[in-house]
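The values are calculated or read from the model by the stated rules, or taken from the named source; none is laboratory data. Source: prediction; values computed, not measured. FYI the Cβ positions are ideal-geometry reconstructions off the backbone, even for glycines, and counts take in every protein chain you see.
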Amino acid sequence: MSQSTTSLVHETGLIDAPVSVYFETFAPATATSKPTVVMVHGGAHTGACYQRTADGRRGWAYRFAARGHRVVVPDWPGTGRSGYISVDKLDGAAVVAGLGSLIRRLVADFGTSVVLLTHSMSGCYGWRLLELHADLIDRVVGVAPSPPGNIQKMAPVHSETDTVIETEAFGGRVRVDKTAPVVGGVDFVARKLVGESRYFPRALVAGYAASLLAVPPRLWLERQNVHGSQLRVADPTKLAGKRIFVITGTEDLDHSREVDGAIVTWLNDVGANAEFCFLSDRGIIGNGHMLMLENNSDAIADIILDWLEDA
């Protein structure tokens, strides 16, 4: 189906228990039996990253809906339009609780299973959500996903007080105020998010950087697995038999073939049916970390969609 000719319905919603979660829905005007796709953003972003690309084209939410999927795009609890949660209470468990409640509501409302698509920092939320809601989540797509705490190396702690911690992230030492959100800055965007990508429009990097959010401190520290705090899959047997697709670009500096391949290996070792798509294996070379924002985002979306529609 063509994005320009397919009729779509766009709605907004909000759930308030156990925590507030704002979400937007993009659906074909004529309902299909295809599963609902829940697209969960990564750190420093909101669900907007799935709605518009860096150069202003319609994003993955529209692309997937044009192929017949209802697409639901939430903001993390405590992030964006989902509202405020104090930094001492906003951790990965709270994010998972909110997203899990949303998934249960979607299944109850629409009667179809859910495909969970995560990106980057939300990858660890996806593995935990799959464990907790295996009866509702049919498949998982991890786009350059973070690993579960089961296999992630702990970040070293060089010094720590009640309010400040010095640890390591992205190849260097960092000091983090545990009482305030973590601001990434231009260097973070240039190295981590854009990196050596051939497909991110360089003239738009400054505007993109200005659109990003600070990351709540507990979530940031969990992502580095400080003190072993990254979310773990408590019962990996719940992942047995689940189809999972991990997709990664060749120029993603923190997600090499070896790093993300290790996640796929672990998933298969615990009984999941996981497949790894390192994009050079499909003849696509040059993508960075933000696959849904880059100039060839439609081609990447179609790879995922083809996998989803492969029974």
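The set of residues in the range 262-280 being touching a strand residue (DSSP E or B) at 6+ places or on another chain (Cβ under 9 Å) and closer than 21 Å to ASP138 by Cβ consists of ILE263, VAL264, TRP266, LEU267, ASN268, ALA272, ASN273, ALA274, GLU275, PHE276, CYS277. Of all the criteria given as (1) at pLDDT 95 or above; (2) under 28 Å from LEU279 (Cβ atoms), the one not satisfied by SER159 is (2). For ARG63, the conditions (1) crowded, with 24+ Cβ neighbours inside 10 Å; (2) more than 23 Å from TYR199 (Cβ to Cβ) are fulfilled apart from (2). Residues in the range 148-171 that are over 24 Å from the mean Cα position of the chain (by Cα) and among the hydrophobic types (A, V, I, L, M, F, W, C): VAL157, VAL164, ILE165.
Taken together, ALA66, ALA29, ALA54 contain a single residue that is among the small types (Gly, Ala, Ser) and touching a helix residue (DSSP H, G or I) at 6+ places or on another chain (Cβ under 9 Å), which is ALA54. One residue is enough: does the range 278-296 have a residue meeting the conditions modelled with pLDDT under 95 and closer than 28 Å to ALA48 by Cβ? Checked against the condition, which is being modelled with pLDDT under 95 and closer than 28 Å to ALA48 by Cβ, the range 278-296 yields no hits at all. Of all residues in the range 153-177, those satisfying the criterion of being touching a residue at least 60 places away in the same chain (Cβ under 8 Å) and either buried (at least 20 other Cβ atoms within 10 Å of the Cβ) or of a type in the set (A, V, I, L, M) (or both) are MET154, ALA155, VAL157, ILE165. Scanning the range 284-299 turns up at least one residue that is without any contact (Cβ under 8 Å) to a residue 40 or more places away in the chain and part of a helix (DSSP H, G or I). Looking at ALA234, ALA240, ALA262, ALA214, just one residue is in contact (Cβ under 8 Å) with a residue 24 or more places away in the chain, in contact with a helix residue (DSSP H, G or I) (Cβ under 8 Å, 6 or more places away or on another chain) and either surrounded by fewer than 22 Cβ atoms within 10 Å (Cβ to Cβ) or of a type in the set (Ser, Thr, Tyr) (or both), and that residue is ALA234. In the set (1) on the phi > 0 side of the Ramachandran plot; (2) crowded, with 23+ Cβ neighbours inside 10 Å, the condition left unmet by ALA54 is number (1). Taken across the range 112-126, residues that are aromatic (Phe, Trp, Tyr) and closer than 20 Å to VAL19 by Cβ do occur, with at least one present. Per the listing THR79, THR112, the residue uniquely over 30 Å from ASP177 (Cα atoms), crowded, with 16+ Cβ neighbours inside 10 Å and among the polar types (S, T, N, Q) is THR112. If I go through the range 260-293 residue by residue, how many of them are aliphatic (A, V, I, L, M) and farther than 21 Å from ARG198 by Cα? Residues flagged as aliphatic (A, V, I, L, M) and farther than 21 Å from ARG198 by Cα within the range 260-293 amount to 7.
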